[in-house]
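Written below as structure tokens is the structure these notes are about.
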Amino acid sequence: MTAPGKAISGAAFATLLLIALIMGANHVAARIAFNNGADVATAVVFRSGITALVLVLLLRIQRARVRFTPRHWQMLPVIGLLVGFQSLFIYSAVARLPVALALLAFNTYPIWTALWSWLIYKHRPERAMLIAMPVILLGLALALDVLGAASGLGAAGQWARIGTGVAFAVAAAGTFGLALVITQHETLEMDGRVRTAATMSMATLVALAAVTLQGGFHLPANTPGWWGLAMLTFLYGTGITILFTVLPRLGVVGNSPIMNIEPVFALILGWLILGQAIAPVQVGGALIVVGAVMALGMRKR
């Protein structure tokens with residue numbers, strides 16, 4: 001995040017929007033892969049494994065200084081394990097829900113971050129967070145159509161349709177929020193590239209374990225599925241690489257609130273590419289969630 005009260009440059013702003021677009025497109029590509037035979041664990045192995053290899057190669061090319069303290073050796077596996085499960089959870093949500101709705105439910109992670117920080121490190125939530133929490137939850141309730149009014153299914157029918165996907169998205173938000181809190185308190189001084197390479201490596205191991213438990217890889221059954229798998233891997237790796245190589249030079253770190261516009265891009269791309277449309281009231285709810293999360297991130301501290 002930029003320094004309090006200091007506006008980011010036009011180049012930084014455009015780069016942040018580009019990353020949000022890339023990450024939204026990554027999840028749309030994932031849905032294409034899932035619709036054509038690939039499964040979640042296989043997608044995470046490809047995505048995380050290749051991203052880890054690219055980051056390690058960048059570290060070698062840039063001759064980055066890699067140093068780990070004893071505390072890092074203790075906490076990095078924990079963070080990697082959490083991110084591994086978060087990756088499985090969010091793709092499981094994307095496979096079951098319209099992409100934008102899965103990402104919106106995941107976008108509740110600031111609430112989880114505040115909760116974990118309070119429970120583990122005894123940091124009381126800020127007043128702004130306490131105000132934003134009900135706004136985010138209200139917007140999410142509208143976006144998910146929890147009463148089934150927009151779908152005409154009623155509450156029971158709507159939850160029978162979306163319940164599992166929402167559970168996975170909320171689980172992804174919870175694990176990601178915990179990973180963020182531990183990262184901030186235990187490894188913040190590390191080079192972001194090093195930390196992400198280690199995290200992606202651990203996430204790959206988690207996904208490989210899931211692949212083993214399910215009896216092997218479930219690869220795409222046709223050309224569109226392979227394109228989806230290739231594009232989700234390329235897009236995610238590209239987004240992460242830009243995040244940790246370009247943005248630091250522009251004076252911005254990767255957790256800028258501008259990137260929380262990702263669900264909006266996913267909503268547009270999901271409609272254009274996948275034909276996923278949601279009711280106007282759900283779009284309004286989505287904008288409430290995105291606006292509240294961005295307002296939280298942009299507030300002066």
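Only one residue in LEU147, LEU119, LEU104 is within 13 Å of VAL166 (Cα to Cα) and modelled with pLDDT of 90 or more. Which one?
Numbers: LEU147 fails: within 13 Å of VAL166 (Cα to Cα); LEU119 fails: within 13 Å of VAL166 (Cα to Cα).
Of LEU147, LEU119, LEU104, the one residue that is within 13 Å of VAL166 (Cα to Cα) and modelled with pLDDT of 90 or more is LEU104.
Looking at (1) in contact (Cβ under 8 Å) with a residue 40 or more places away in the chain; (2) touching a helix residue (DSSP H, G or I) at 6+ places or on another chain (Cβ under 6 Å), which is the only condition ALA141 fails?
Evaluating ALA141 over (1) in contact (Cβ under 8 Å) with a residue 40 or more places away in the chain; (2) touching a helix residue (DSSP H, G or I) at 6+ places or on another chain (Cβ under 6 Å) leaves (2) as the failure.
Surrounded by fewer than 20 Cβ atoms within 10 Å (Cβ to Cβ) and outside any loop (DSSP other than H, G, I, E, B), is that true of THR183?
Details: surrounded by fewer than 20 Cβ atoms within 10 Å (Cβ to Cβ): no; outside any loop (DSSP other than H, G, I, E, B): yes.
Criteria not met by THR183.
Just to check your reading of the model, which residue among VAL94, VAL135, VAL78 is touching a residue at least 60 places away in the same chain (Cβ under 8 Å), in a helix (DSSP H, G or I) and touching a Phe, Trp or Tyr at 6+ places or on another chain (Cβ under 8 Å)? Break it down stepwise before answering.
Numbers: VAL135 fails: touching a Phe, Trp or Tyr at 6+ places or on another chain (Cβ under 8 Å); VAL78 fails: touching a Phe, Trp or Tyr at 6+ places or on another chain (Cβ under 8 Å).
Answer to the check: VAL94.
Would you be able to tell me the number of residues in the stretch 105-150 that are of a type in the set (Asp, Glu) and within 18 Å of the chain's Cα centre (by Cα)? I'd like the intermediate steps shown before the answer.
From the stretch 105-150, those of a type in the set (Asp, Glu) are 126, 145; that's our starting set.
After this cut, where a residue has to be within 18 Å of the chain's Cα centre (by Cα) as well, the list is none.
Count: 0.
The values are calculated or read from the model by the stated rules, or taken from the named source; none is laboratory data. What you see is a predicted model; the values in this text were computed from it and never measured. Using ideal geometry, Cβ is built from the backbone for each residue, glycine included, and neighbour counts are taken over all protein chains shown.
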